[in-house]
1. Look at Q290 and say whether it is under 17 Å from R246 (Cβ atoms), modelled with pLDDT of 95 or more, assigned to a helix (DSSP H, G or I) and not aliphatic (A, V, I, L, M).
2. When N196 is evaluated against the numbered criteria (1) surrounded by 13 or more Cβ atoms within 10 Å (Cβ to Cβ); (2) in a loop (DSSP other than H, G, I, E, B), which criterion, by number, is the only one it fails?
3. Take the residues in the range 320-344 that are under 13 Å from S365 (Cα atoms) and under 30 Å from the mean Cα position of the chain (by Cα), then tell me which one is surrounded by the fewest Cβ atoms within 10 Å (Cβ to Cβ).
4. Give the range 144-197 a look and list any residue that's under 18 Å from K82 (Cβ atoms) and of a type in the set (S, T, Y), or say none.
5. Filter the range 61-118 down to the residues that are hydroxyl-bearing (S, T, Y) and within 22 Å of the chain's Cα centre (by Cα) and list them by number.
6. Restricting to the range 352-380, name every residue that is assigned to a helix (DSSP H, G or I) and exposed (fewer than 13 other Cβ atoms within 10 Å of the Cβ).
7. Report yes if some residue within the range 163-184 is of a type outside the set (A, V, I, L, M, F, W, C) and over 25 Å from D141 (Cβ atoms); otherwise report no.
8. Could you look through the range 233-256, keep only residues that are buried (at least 17 other Cβ atoms within 10 Å of the Cβ) and in contact (Cβ under 8 Å) with a residue 60 or more places away in the chain, and pick out the one that is farthest from M283 (Cα to Cα)?
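The values are calculated or read from the model by the stated rules, or taken from the named source; none is laboratory data. A quick note: this is a predicted structure, and the numbers were derived from the prediction, not measured. FYI the Cβ positions are ideal-geometry reconstructions off the backbone, even for glycines, and counts take in every protein chain you see.
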Amino acid sequence: MDASQQLSKKGQRVKKKKGDAPLDAYQFIESRKDLTILAKALETATAIAVDMEADSMYHYKEKVCLVQVCADNIHAVIDPIKVSDLSPLKKIFAQRGIRKIFHGADYDVRSLYRDFKLTINNLFDTQLASMYLGTRETGLDAVLHQRFGVRLNKAYQKKNWAQRPLPEDMIKYASEDVRYLIPLADMLREELDHKNRLYWVEEECHKLSHVRPAMNNDAPLFLKFKGAGRLKPKQLAILEALLQVRDAIAREKDRPHFKILSNTSLLKIVHETPTTLANLQAMNVISQKQFDMYGRLLVAAVRKTRKNQSDSLPVYPKKKAPRLSPRVPGRIRAIKNYRDKQANRFALDPALLMNKALMSTIAISNPMDISALRTIEEIKKWQIKEFGKDIVFILRGLHNGR
């Protein structure tokens with residue numbers, strides 16, 4: 001009996017034709033033994049569909065709660081809360097000869113590395129592929145509906161995946177997301193190849209496979225707060241104090257930040273700087289329950305921070321813009337005009353071809369030949385192959401006054 005035959009499934013094993021989506025039967029992996037058997041069975045796969053569920057909406061420190069995989073006649077849902085060591089999968093995920101198929105891989109790649117140090121080689125993202133085919137709606141449900149006429153049940157999308165035991169309906173829901181990914185990937189790869197864009201997406205996916213989670217450090221919390229860069233030093237100090245209060249409460253209660261106090265509420269407190277409970281309550285920016293639980297802590301933080309001397313106040317770090325040649329804006333416009341024409345020709349979002357940051361970098365570097373263009377770290381090989389000669393021609397023309 002081979003490894004795939006050892007996998008006991010919830011429901012009866014059903015044979016399927018090659019290329020079809022797997023049927024409803026799946027195995028729920030809750031032991032190291034079954035995970036080892038699963039990993040052995042996956043060694044012979046040429047492609048594995050992967051998805052995961054996390055608990056970011058329910059806990060202070062998010063974690064992966066389920067990992068779903070599908071390959072040939074294997075369809076499994078792994079419980080990493082029960083089996084916390086996923087090292088049997090490391091070889092499979094790192095194997096370059098096995099394609100790992102995700103839909104919207106960025107968050108999954110970061111999370112799997114953060115929790116299990118899983119590195120992924122030969123990744124293929126069906127959402128990214130759909131985007132480079134010009135698909136407007138690239139969510140998995142929309143893509144599957146367009147391609148296969150099926151709809152995903154999203155009833156459990158925002159449920160608490162960390163709860164145990166998990167209802168079987170939730171496990172079955174999670175298993176559905178990987179059922180169609182392999183035939184979807186085959187379809188998209190064929191279309192991309194026909195349009196000579198497959199190598200574009202493969203290079204983008206290679207880069208995507210190397211994203212990593214942000215490292216926790218002692219940097220001020222306001223650096224991750226949207227809008228903090230527009231605040232004055234005194235306001236920034238108050239914001240940091242409030243963020244520290246919220247973070248401490250969230251950690252103690254094991255809740256995500258947004259379930260303690262919203263960013264909008266904190267920003268309004270920063271601008272109004274209430275120094276009494278009456279002032280805070282009159283603002284009407286938090287609920288009565290939040291006021292009763294956190295009001296004194298918030299007011300105390302504002303009071304204490306307002307007493308700080310100006311020489312100890314934080315300053316939001318801003319990169320000083322380098323002095324640029326007055327010709328740079330003209331180069332950016334010329335590159336953008338070219339990019340937009342190409343995007344129209346390919347019927348794609350212009351940012352997929354070259355984003356604003358890359359166009360600015362090229363304009364500043366002003367490469368006069370392909371070799372110089374290749375030295376720009378941000379530009380990819382497919383962009384050089386498709387657009388490199390034209391970009392150099394445009395920049396040379398501007399340089400020579402054409």
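1. yes
2. Going through (1) surrounded by 13 or more Cβ atoms within 10 Å (Cβ to Cβ); (2) in a loop (DSSP other than H, G, I, E, B) one by one, N196 breaks only (1).
3. So, considering only residues that are under 13 Å from S365 (Cα atoms) and under 30 Å from the mean Cα position of the chain (by Cα), the one surrounded by the fewest Cβ atoms within 10 Å (Cβ to Cβ) is I332.
4. S175
5. Taking the range 61-118 first, the residues hydroxyl-bearing (S, T, Y) are 84, 87, 107, 111, 113.
Y107, S111, Y113, listed by residue number.
6. Result: K356, A357, S371.
7. yes
8. Looking at the filtered set, the residue picked out is A250.
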